[in-house]
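See structure below.
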Amino acid sequence: MTRTQVHHFHAMGTDVEIIVVGGTGRAAIEAQERVDHLERLWSRFLDDSELSRLNAAAPAPVMVSSITFELVQRALEAWRRTDGRFDPTVLSALEAAGYDRTFEDVAPDVARDVEPARPAPGCEGIELDPVVRAVRLPPGVRLDLGGIGKGFAADLVAMELRAAGAAGACVNLGGDLRVSGEPPDGAPAWVVAVDDPAGAGKLGNLVLAEGGVATSTRVRRAWRRGGRALHHLLDPESGAPAARGLASVTVLAAEACWAEVLAKAAFVGGAADGARVIRDHGATGLLVHDDGLVDELDGLRAFRPVV
């Protein structure tokens, strides 16, 4: 039987699990090193990250690495394709809501109220120069790539593991994950659990041979300010936490990056709009309402275990 490595660590503000089927003896450790490197490039909490340098330099152009340039390109594409429901320019609004440091350091309950909500400025004026890999942000625009970076990292690392000789790989960054190739122990497919946002165990399992899964929920990163419950999934139009009747959205797509984007866009849009956004982009998933009602989209049954 092919050897399987399972490795756990903390990065990008979340718990990470790497599963490698086959490959070299250091494959899982090298995958961690790659995730750590990507965090150093993209974290808004590190002053010397490429993202922080880019945000601080606006409106001057900044040359970035090829992988950061690709991530910014994907973020802008996601903004366009979701009609702004996914918006990487929400950083000022996040900070105004109290998420101005790593989540571990965000005080869970503070009597003082937050600043007024700040609508996201949008990506219209952001300029990319692919020849020199330069990004120029307009005045007053700063990026937060946390809503797409974990999925993109999962895709990148999983594909790098396969290219390096692994028969199969699963890279799971806090529920945003990519699976590819042979599952462990000769199983016919990878099994992914979907958590109940109410905390009552799990809603069930999904099985897939290849692709990405991501969940957006208001319960994982939540805090209180001035007696008000807040969370990190902001409505770009208002800058306030999205509140359209959903507790969580889980999406299955070809890539974890795109699953993450669609889950956030659907959460912001609400049940009917969110279901349409997911379907229109060739994905499937499930939406959990605040009252516990679960909407399963067309195509999801194909990813349910055969009983």
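The values are calculated or read from the model by the stated rules, or taken from the named source; none is laboratory data. Owing to the predicted nature of the structure, the values given are computational and were not obtained by experimental measurement. So basically every Cβ, Gly included, is an ideal-geometry build from the backbone, and we count neighbours across all protein chains shown.
Among the criteria (1) within 18 Å of the chain's Cα centre (by Cα); (2) outside any loop (DSSP other than H, G, I, E, B); (3) without any contact (Cβ under 8 Å) to a residue 60 or more places away in the chain, the one Ala229 does not fulfil is (1).
Just so you know, in region 14-48 the residues that are touching a Lys or Arg at 6+ places or on another chain (Cβ under 9 Å) and at pLDDT below 95 include one that is farthest from Val171 (Cα to Cα), and it is Gly25. Quick check: is even one residue across region 83-103 farther than 30 Å from Gly227 by Cβ and modelled with pLDDT under 95? Checked against the condition, which is being farther than 30 Å from Gly227 by Cβ and modelled with pLDDT under 95, region 83-103 yields no hits at all.
State whether one or more residues within region 24-42 are aromatic (Phe, Trp, Tyr) and touching a Gly at 6+ places or on another chain (Cβ under 7 Å). Looking through region 24-42, at least one residue is aromatic (Phe, Trp, Tyr) and touching a Gly at 6+ places or on another chain (Cβ under 7 Å).
So that you can scan it fast, the table gives a plain yes or no per residue for (1) of a type in the set (A, V, I, L, M, F, W, C); (2) in a loop (DSSP other than H, G, I, E, B); (3) loosely packed, with under 15 Cβ neighbours inside 10 Å:
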{"position": "Val16", "(1), (2), (3)": "yes, no, no"}
{"position": "Thr24", "(1), (2), (3)": "no, yes, yes"}
{"position": "Glu39", "(1), (2), (3)": "no, no, no"}
{"position": "Asp47", "(1), (2), (3)": "no, yes, yes"}
{"position": "Val72", "(1), (2), (3)": "yes, no, no"}
{"position": "Arg85", "(1), (2), (3)": "no, yes, no"}
{"position": "Pro88", "(1), (2), (3)": "no, yes, no"}
{"position": "Asp100", "(1), (2), (3)": "no, yes, yes"}
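Sub-6 Å Cβ pairs linking a first residue in region 107-127 that is among the β-branched types (Val, Ile, Thr) to a second residue that is in a strand (DSSP E or B), at least 6 apart or interchain, are Val110/Arg225; Val114/Arg225, ordered by first then second residue.
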